[in-house]
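Take a look at the structure below.
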Amino acid sequence: MAGSGYKRVLLKLSGEALAGDGRFGIHIPKLSDVALKMKAAHDSGLELAIVVGAGNFLRGSDSEWAKAGVQRATVDYAGMLATVINALALQDALESLGVTVRTQSAINMERVAEPFVRRRAVRHLEKGRVVIFAAGTGNPYMTTDTAAALRAIEIEAGALLMSKNKVDGVYEADPAKDRGVRRFETLSYADALARRLRVMDSTALALCMESSLKIIVFDLDAPESVLKAARGEKIGTVIGDVATSLAAT
């Protein structure tokens, strides 16, 4: 990729990003808008991989299933299957825009997706295809945040892009509850872990820290958000081997 941006990135896309205001299922206009943002980034020459969550169908330990006493492993496996639904919808939306896509699943289901093979995924990226990783890591008790960190490291991505809904970065506290809190421009891995800011789960954050994988947290709904993050433009909060700094009020 030309300029100071990244050649290859992994985008973590939450399931809620596909739900629109309905907060459940897939909202087609929202899906189309997300696909357009990804196409713009891909058309710039970026090698783009995606890990998609399932929060628009099932939210792990916070789900009604879990509250009803369903075993955690069962809930997690159901969530993995829900990520495949989201991945297939996103694949179709991108292909309708002329983008070549390959979906790889950590749970074997050859009728709808390739099995995850690291070398094959890298080859797809080198050929200019978007790769969507579904079914998390394939293991219960592991979040899709952890899957995103793991896959990003495996494919040697230059950065992990963490897209958020209606939140333009990482804040000192919940901006929905306190309008006076400030946003971090940069944040060190150690501070992100120590402050328990819920950027991602601690396992995922520790993986990124161990591999010095930069994390960029930004608002998906911002104009050209994915493209700007991939270009290395000033957007959201950057987490990495950096000094922690707050944005001016």
Regarding region 133-152, can at least one residue be identified that is farther than 24 Å from GLY20 by Cβ and among the charged types (D, E, K, R)? yes
When restricted to ASP168, ASP174, the only residue surrounded by 18 or more Cβ atoms within 10 Å (Cβ to Cβ) and among the acidic types (Asp, Glu) is ASP168
From the residues in region 117-162 that are touching a Gly at 6+ places or on another chain (Cβ under 9 Å) and polar (S, T, N, Q), which one is nearest to SER202 (Cα to Cα)? THR146
With respect to GLU110, determine if the residue is among the acidic types (Asp, Glu), more than 28 Å from GLY236 (Cβ to Cβ) and exposed (fewer than 14 other Cβ atoms within 10 Å of the Cβ). yes
First in region 113-125 and at negative phi, second anywhere and outside any helix (DSSP H, G or I) and exposed (fewer than 14 other Cβ atoms within 10 Å of the Cβ), Cβ under 7 Å, 6 or more apart: PRO115/ASN108
Filter region 126-140 for residues that are in contact with a Lys or Arg (Cβ under 7 Å, 6 or more places away or on another chain) and surrounded by fewer than 21 Cβ atoms within 10 Å (Cβ to Cβ); which is nearest to GLY55 (Cα to Cα)? PRO140
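Condition check ((1) surrounded by fewer than 21 Cβ atoms within 10 Å (Cβ to Cβ); (2) more than 17 Å from PHE184 (Cβ to Cβ); (3) among the aliphatic types (A, V, I, L, M); (4) touching a residue at least 40 places away in the same chain (Cβ under 8 Å)) across all residues:
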{"residue": "MET200", "(1), (2), (3), (4)": "no, no, yes, yes"}
{"residue": "ALA206", "(1), (2), (3), (4)": "yes, yes, yes, no"}
{"residue": "MET209", "(1), (2), (3), (4)": "yes, no, yes, no"}
{"residue": "ILE216", "(1), (2), (3), (4)": "no, no, yes, yes"}
{"residue": "ASP219", "(1), (2), (3), (4)": "yes, no, no, yes"}
{"residue": "ALA230", "(1), (2), (3), (4)": "no, yes, yes, yes"}
{"residue": "VAL238", "(1), (2), (3), (4)": "no, no, yes, yes"}
{"residue": "VAL242", "(1), (2), (3), (4)": "yes, no, yes, yes"}
Matching strands (runs of 3 or more DSSP E) fully within region 87-204 where at least 1 residues are at pLDDT below 95: 159-164, 183-188
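The values are calculated or read from the model by the stated rules, or taken from the named source; none is laboratory data. Computed from a predicted structure; not experimentally measured. Cβ sites come from the backbone with ideal geometry, for glycine too, and all protein chains shown count toward neighbours.
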